[in-house]
Every structure is written in C-alpha cells, then in structure tokens.
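Down below is the structure, laid out as structure tokens.
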Amino acid sequence: MKGAKIEMATSKAKKLRQKQERQGMLNPESLRGSWHHVNPASRTTPGLQDKQNRIYNKHKRNHASYGDDSFCVCWRLL
C-alpha cells in the first residue's frame, strides 16, 4: 500500500463531537480561543526581593507573638 494515509485512533469524545457537528449542533472546539503565542505554563524563578519578602512575612500570622497575656477559662456546667 504505497502512499496509504495512517491515522491515529479517535477518542470517543472526539467521535461524539464530530457526530454532533455533522448533525448541525455546535462544536465546542470552535469555542476554544486561540492563545496566539501565549504560554500559560511559563514560570519565573523568584527574585531576591521575593525571597526576602517571604522570609520577612513568614511568621506574621502567628498570633502568639503579639505579647497578649490574656487567656480564656471555660467552665462546663453539668
């Protein structure tokens, strides 16, 4: 078979989308926007200022360090 076109298997979801498109329904693939040279998975390494801010703000939420000497006593009445 010279020049035979080899295709990969089609998923059930893609077959269903193609069938719905043939029946005149809306294909969700057409609603997907194009990213056009945008890579959403790109990450940057934290800079020096980010690292310093993280270390500086690390224990800001620790309420025990506020120096509040009050305490609560709860009695349970039977």
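Some observations on this one:
- Those residues of segment 1-42 which are surrounded by 10 or more Cβ atoms within 10 Å (Cβ to Cβ) and not polar (S, T, N, Q), in sequence order: Lys14, Lys15, Leu16, Arg17, Lys19, Glu21, Met25, Leu26, Pro28, Glu29
- Annotation note: Cβ proximity below 7 Å between a residue of segment 51-70 that is in a loop (DSSP other than H, G, I, E, B) and a residue that is modelled with pLDDT under 85 and surrounded by 10 or more Cβ atoms within 10 Å (Cβ to Cβ) (sequence gap 6+ or interchain) occurs for no pair.
- Selection within segment 10-50 - assigned to a helix (DSSP H, G or I) and of a type in the set (Ser, Thr, Tyr): Ser30
The values are calculated or read from the model by the stated rules, or taken from the named source; none is laboratory data. Source: prediction; values computed, not measured. Every residue, glycine among them, receives a Cβ derived from its backbone with ideal geometry; neighbour counts consider all protein chains shown.
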